[in-house]
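Before any comments, here is the structure.
The values are calculated or read from the model by the stated rules, or taken from the named source; none is laboratory data. Just so we're clear, the structure is a prediction, and the values are computed from it rather than from any experiment. Neighbour counts run over all protein chains shown; Cβ positions are idealised from the backbone, glycine included.
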Amino acid sequence: MQFVRYNGGSGPTWGIKTDGEIHALADLPVGTPSYQDLTNQRYLDQLRDAVQNGTCSRVNPDDVNLLAPVPRPSKIVCAGLNYRDHAEEQDEPIPEEPLLFSKAPTTVTNPNSPIVHPEGEQVDYEVELAAVIGRTAKNIDEDEVSDHIAGYTVLNDVSGRDAQFSDGQFFRGKSYDTFSPMGPTLVAGDDYDPNTVDVALRVDGDTKQVSNTEQFIFDVPELVSYISQNMTLRPGDVISTGTPGGVGIFRDPVDLLEPGQVCEAEIEGIGTLTNPVVGE
């Protein structure tokens, strides 16, 4: 199911998106779901029945503002070089273990909100599948991972390459405000396979990245289990699983984002995350 967090004028709320409509979950006795609720298949089945029975009022998506499904994660953990084609374009060896870095939680911004281009910075795009943690996870095995995932969304891992390369590490260049657009939906349920979906990114309609998560070096269970061996994951934490080949900094010639452009990050089954780029 595609969950959406949105503002229809009376504050943030949640709904389920189907066939061009949003079904308002505020109408139900169960109310607003927690991330842990989304790991409960019985709860999801109840919501599916309510939608099919027409219990919820319906909202036109054009009449609301979509919001990031996780507005304030306690942490964003990212995997570097997790697609074979991305490692190849950098002429880097395939890593033997996941390469991890983080982004500041204050980078999160909403669908359709602007990516702010810092003056003088080289700003790049990176379409990524993000897993949202639903249950506290520490030292979990790979076969336990699906029980701890609330759902999947799109994250555009926008990157400041000047800061990244001059610092010799990722945190500052990845952590400018607005550098983690997220959405437009959060897909929950056992019927979504995150390891076999198409991913793409377009700038002003021109395709820059196109791949499939079958290119993962470490798939979602491997990645989340590995991270949980090193740190405790809590509900609402975001795991961004890496980007495929085609990023701007490794193109010839270099092809980076500029104010006035529009970025579209798309993942099969989740939707298209659209954000304009503006100057500071």
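Key figures for this structure:
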{"item": "D85, sole failed condition from (1) out of contact with any strand residue (DSSP E or B) (no Cβ under 8 Å at 6 or more places or on another chain); (2) assigned to a helix (DSSP H, G or I); (3) at pLDDT below 95", "result": "(1)"}
{"item": "Hits in the stretch 217-253 - residues which are loosely packed, with under 15 Cβ neighbours inside 10 Å, touching a strand residue (DSSP E or B) at 6+ places or on another chain (Cβ under 9 Å) and assigned to a loop (DSSP other than H, G, I, E, B)", "result": "M231, T232, R251"}
{"item": "Sole residue being among the charged types (D, E, K, R) and either at pLDDT 95 or above or not assigned by TED's automatic domain parsing to the domain that holds N110 (or both), chosen from D219, D252", "result": "D219"}
{"item": "Answer residue from the stretch 46-82, given it is in a loop (DSSP other than H, G, I, E, B) and of a type in the set (D, E, K, R) and is surrounded by the fewest Cβ atoms within 10 Å (Cβ to Cβ) among those", "result": "R72"}
{"item": "Cβ pairs under 6 Å, 6+ apart, first in the stretch 198-210 and at positive phi and in contact (Cβ under 8 Å) with a residue 24 or more places away in the chain, second polar (S, T, N, Q) and assigned to a loop (DSSP other than H, G, I, E, B)", "result": "D204/Q261"}
{"item": "Qualifying residue in the stretch 102-119 (condition: outside the structural domain of F250 (by TED's automatic domain parsing), β-branched (V, I, T), over 28 Å from I217 (Cα atoms) and buried (at least 17 other Cβ atoms within 10 Å of the Cβ))", "result": "no"}
{"item": "Residue that is surrounded by the fewest Cβ atoms within 10 Å (Cβ to Cβ) [pool: residues in the stretch 144-176 that are assigned to a loop (DSSP other than H, G, I, E, B) and touching a strand residue (DSSP E or B) at 6+ places or on another chain (Cβ under 6 Å)]", "result": "S175"}
{"item": "Sole exception among (1) assigned to a helix (DSSP H, G or I); (2) modelled with pLDDT of 95 or more; (3) among the aromatic types (F, W, Y) for Y43, by number", "result": "(2)"}
{"item": "A200 being within 27 Å of T32 (Cα to Cα), crowded, with 17+ Cβ neighbours inside 10 Å and not acidic (D, E)", "result": "no"}
{"item": "Candidates Q36, Q2, Q41 - the one that is surrounded by fewer than 17 Cβ atoms within 10 Å (Cβ to Cβ), in contact with a Lys or Arg (Cβ under 6 Å, 6 or more places away or on another chain), touching a residue at least 40 places away in the same chain (Cβ under 8 Å) and within 26 Å of E144 (Cα to Cα)", "result": "Q36"}
